[in-house]
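A short worksheet on the structure shown next.
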Amino acid sequence: MTSPDPENSAPLGFARHDHAACTAEAMAAAEARCAAENIRFTPVRRKVLEILLHDHRALGAYAILDRLRDAGFGSQPPVAYRALEFLVTHGFAHKVERLNAFIACALPGAPHSPAFMICRMCDTVAEATSGPAKGALGAAARATGFQIERTMVEAMGICPTCASSEKADA
């Protein structure tokens, strides 16, 4: 599988897509990368990624821990936090700071700066790409000589499904 081009990728999360294929491709990419880089993809790490891939909503560590417990894994918070730290460190997941939650990366293996669009009504999260040196912030940084190393872009709003639903209710 070739790495997706973050510059030409549509935000994943709000758009209709083959979710089973989306999940299978993400799991295959994670497994292949772990094998190629000799990184241990333990059953707990694998299960946490599966949980995050289940739908395009960010989940908190305790929600993940509940699902791990239901699947027969440990019930201590460090179990979930260690798996999440691994997934974030290796680019398989991102932390959505606004929600204090985690989401599977829509572009695993592709270097990118994620930008999140978060629906305030249904908590669906779509990941788009952003560059740390793009737009007005990038221009300001260049003008002052500041070197941006990392940015976090999180926009709150209403997803297309909820917007359509609101119009139907009006």
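Some points to look at:
- Fewest-first ranking of SER113, SER75, using other Cβ atoms within 10 Å as the exposure measure: SER75, SER113
- For ALA93, the residues whose modelled amide H falls within less than 5 Å of its own, excluding neighbours fewer than 5 places apart on the same chain, are VAL88, CYS105.
- Percent of Cα-Cα distances greater than 14 Å, calculated over region 96-170: 67 percent
- Alpha carbon convex hull of region 6-169, volume per residue in cubic angstrom: 141 Å³
- Simple spin-label estimate for ARG46 and CYS162 gives 3.5 nm between the two label positions (7 Å along the Cα-to-Cβ direction from each Cα).
- Using a simple spin-label model with pseudo-atoms 7 Å out from Cα toward Cβ, ALA63 and ALA28 lie 2.8 nm apart.
- With contacts taken as Cα pairs under 8 Å and at least 6 residues apart, the chain reaches a relative contact order of 24 percent.
- Summary value for region 74-145: 17 percent relative contact order, contacts being C-alpha pairs under 8 angstrom separated by 6+ residues.
- When the chain is treated as a Gaussian network with alpha carbon springs shorter than 10 Å, the biggest mean-square fluctuation among GLY74, GLY157, GLY135 belongs to GLY135.
- Spin-label pair ALA139/GLU37, simplified geometry with 7 Å Cα→Cβ offset, distance in nm: 3.5 nm
- Between region 25-60 and region 83-113, the alpha-carbon center distance in angstrom: 11 Å
- Calculated FRET efficiency for the pair PHE146/ALA20, C-beta based, R₀ 45 Å, to 0.05: 0.55
- Ordering PHE41, PHE146, PHE92 by the number of other Cβ atoms within 10 Å of each residue's own Cβ, fewest first, gives PHE146, PHE41, PHE92.
- Cβ crowding within 10 Å averaged over residues, with 20-30, 48-58, 94-104 ranked highest first: 48-58, 94-104, 20-30
Readers should treat all values here as calculations from the given coordinates under stated rules, not as data from a laboratory. Model, not experiment: these values are computed from the prediction. Note that we place each Cβ from the backbone using ideal geometry, even for glycine, and neighbour counts take in every protein chain shown.
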